[in-house]
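A.B. asks: Supplied in structure tokens, the structure appears directly below.
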Amino acid sequence: MTALAALFVRDIRIAVRVGGGAMIGVLFFLTIVALMPFAIGPDLALLQRIGPAILWIGALLASLLALDRLLTADLEDGSLDLLLMGGTPLELAVAAKALAHWLTTGLPLVIATPVFALFLNLDLTATAAVAGTLFVGTPALTFIGLIGAGLTVTLRRGGILLSVLVLPLAIPVLIFGVAASNAAIVGPLPFGTPFLILCALTLVSLVVGPFAAALALRQGQD
């Protein structure tokens with residue numbers, strides 16, 4: 001547990017220091033949200049209606065942008081080999097890395113959502129609904145991305161391939177995240193149904209992601 005805690009703290013420091021960490025994702029998120037009103041026009045009712053989808057798409061793309069850094073630093077400095085040969089279960093190690101990655105890239109997107117919602121004319125209820133679904137759904141994006149990172153970490157210029165692999169798997173999270181947000185705002189579906197499905201997708205990714213990523217890393221070393 002001490003080794004896992006040290007790994008967790010180290011990954012947070014690396015994520016914050018290397019490549020700007022949270023700042024790059026938040027700025028990319030802001031760019032997407034800020035451009036939408038210019039593209040759609042001054043129709044505030046339309047912006048309010050599609051605002052949850054815009055925020056979710058922006059968060060999804062910002063999450064994809066940061067995934068290539070999840071395991072790359074460990075490969076470059078040799079830490080990945082130590083993880084593979086160490087006594088700590090690889091599944092727990094990569095899960096700790098994914099959690100640190102979400103805290104430094106996914107959580108800042110959730111925190112920034114109430115501010116960015118102002119660009120889309122969203123009221124307090126809509127903003128709370130979107131922020132809540134992003135808080136539940138963005139860990140799924142990170143742990144799904146962990147699988148892709150494990151598959152592509154040893155490939156040169158694997159960032160594009162990583163996005164191609166992860167995006168289809170992340171679409172169900174996007175669908176039910178937007179559905180839950182819209183249900184909380186306008187209905188007619190109850191909020192609980194899509195939100196519970198979103199929670200289930202996140203729980204499945206938290207369990208499957210580390211095991212699949214660890215398997216991919218072991219196969220990559222063979």
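Every number here is computed from the coordinates shown, using simple stated rules; none is lab data. Computed from a predicted model, the values in this text were never measured in an experiment. Cβ: placed from backbone, ideal geometry, glycine included. Neighbour counts: every protein chain shown.
A.B. asks: When you count, for each residue, the other Cβ atoms within 10 Å and take the mean per peptide, how do 39-47, 92-100 rank with the highest first?
C.D. replies: 92-100, 39-47
A.B. asks: Would you compute, for the Cα atoms of the chain, the largest minus smallest coordinate along each principal axis and list the three values in descending order, in whole Å?
C.D. replies: Dimensions of the chain along the principal axes of its Cα atoms: 56, 33, 30 Å.
A.B. asks: I've got another one for you. Which helices, counted as full DSSP H runs in the chain, have an axial Cα extent of no less than 24 Å and a Kyte-Doolittle average of 0.0 or above? Intermediate results must be reported in sequence, preceding the final value.
C.D. replies: Values: long enough: 22-40 (28 Å, 2.54); 44-67 (34 Å, 1.86); 124-152 (40 Å, 1.55); 159-185 (36 Å, 2.23); 192-221 (43 Å, 1.42).
Helices meeting the span and hydropathy rule in the chain are 22-40, 44-67, 124-152, 159-185, 192-221.
A.B. asks: Could you please state, rounded to a whole Å, how far the C-alpha centre of the range 102-158 is from the C-alpha centre of the range 167-220?
C.D. replies: Measuring centre to centre over Cα atoms gives 12 Å.
A.B. asks: Okay, moving on. Work out how much length LEU92 to THR154 would gain on full extension: take 0.36 nm times their residue separation and subtract the Cα-Cα distance, in nm to one decimal.
C.D. replies: My answer for the length gained is 20.3 nm.
A.B. asks: Considering Cα pairs under 8 angstrom that are at least six residues apart, work out the relative contact order of the range 2-221 and quote it in whole percent.
C.D. replies: Computed over the range 2-221, the figure is 27 percent.
A.B. asks: Calculate, in whole percent, how much of the Cα-Cα pair population of the range 108-217 lies beyond 20 Å.
C.D. replies: 47 percent
A.B. asks: Let's test this: bin the Cα-Cα distances of the range 95-139 at 5 Å from zero up to the farthest pair and state each bin's percent.
C.D. replies: Percent of Cα pairs in each bin: 5, 24, 27, 20, 12, 7, 4, 1.
A.B. asks: Multiply the residue gap between MET85 and ALA200 by 0.36 nm, knock off their C-alpha separation, and tell me the result in nm, one decimal place. Numbers along the way, then the final one.
C.D. replies: Numbers: separation 115, 0.36 × 115 = 41.40 nm, distance 3.28 nm.
Using 0.36 nm per residue and subtracting the Cα-Cα distance, I get 38.1 nm.
A.B. asks: Of the listed peptides 105-116, 138-149, what is their order by residue-averaged count of other C-beta atoms within 10 Å, with the highest listed first?
C.D. replies: Ranked from most to least packed, the peptides come out as 138-149, 105-116.
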